[in-house]
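The values are calculated or read from the model by the stated rules, or taken from the named source; none is laboratory data. Since the structure is predicted, the reported quantities are computational estimates derived from the model, not experimental observations. FYI the Cβ positions are ideal-geometry reconstructions off the backbone, even for glycines, and counts take in every protein chain you see.
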């Protein structure tokens, strides 16, 4: 189990670095952000919450080739498939740790977490395929926008639920309970953003990277501490 804990820490480190690169890239691309509605910084998230008539304004017209925004999003989709696999593996590893807790509900909680994580990954792939269809379309239809929005809703809801369940890994009496509280906060903010304001989903996404950093440090430096109270 200690090997698993260290592996989770190593994977969290890689995900944090890759995520930081994406965040910095988005934050420094003023041309891309200028076209996004509702103060959002992520083009993919903006499309999920855009009205059908807003999507073409976000993507730009498709004439002889892709616009700068279409190229930017298309490149992001290629990288996102790798990220989907990585977060699924991270959630699966954390679910194994949850199953190792000395409580009757732990195994059922871990099974539910894996089901939610797997479903989130499936919705994420469907979302990417729906967005890719929008990028390729010469004439954007409302149902195409609806497909991307529905897949995005399912993904964010299931990611938030998975995060909430996995907070139970850190339900303990020592200082690691702080990490559990962060996971609960991330899940609540994500669900609130999904229902009320998509900017809170971006906040949840950023807090996720704080969680990744803490997991990377704690799981790599103190694996026995993580295992002691399971």
| request: Restrict the check to the range 198-211 and report whether at least one residue is out of contact with any strand residue (DSSP E or B) (no Cβ under 8 Å at 6 or more places or on another chain), in contact (Cβ under 8 Å) with a residue 60 or more places away in the chain and not in a helix (DSSP H, G or I). | output: no
key: residue 9 being closer than 22 Å to residue 87 by Cβ, modelled with pLDDT of 90 or more and crowded, with 16+ Cβ neighbours inside 10 Å   = yes
Pairing a residue in the range 65-85 that is free of Cβ contacts under 8 Å to residues at least 60 places away in the same chain with any residue that is surrounded by fewer than 12 Cβ atoms within 10 Å (Cβ to Cβ) and assigned to a helix (DSSP H, G or I), where Cβ atoms lie under 6 Å and the two sit 6 or more apart in sequence or on different chains, gives none
Checked the range 215-230 for anything part of a helix (DSSP H, G or I) and surrounded by fewer than 18 Cβ atoms within 10 Å (Cβ to Cβ); matches are 217, 220, 221, 224, 225, 227, 228
Screening 129, 135, 161 for residues that are in contact with a helix residue (DSSP H, G or I) (Cβ under 9 Å, 6 or more places away or on another chain), at pLDDT below 95 and part of a helix (DSSP H, G or I) leaves only 135
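Is it the case, given these coordinates, that residue 57 is buried (at least 17 other Cβ atoms within 10 Å of the Cβ), modelled with pLDDT of 80 or more and in a helix (DSSP H, G or I)? Can you show your working first?
Working: buried (at least 17 other Cβ atoms within 10 Å of the Cβ): no; modelled with pLDDT of 80 or more: yes; in a helix (DSSP H, G or I): yes.
Taking the combined requirement at face value, the residue does not satisfy it.
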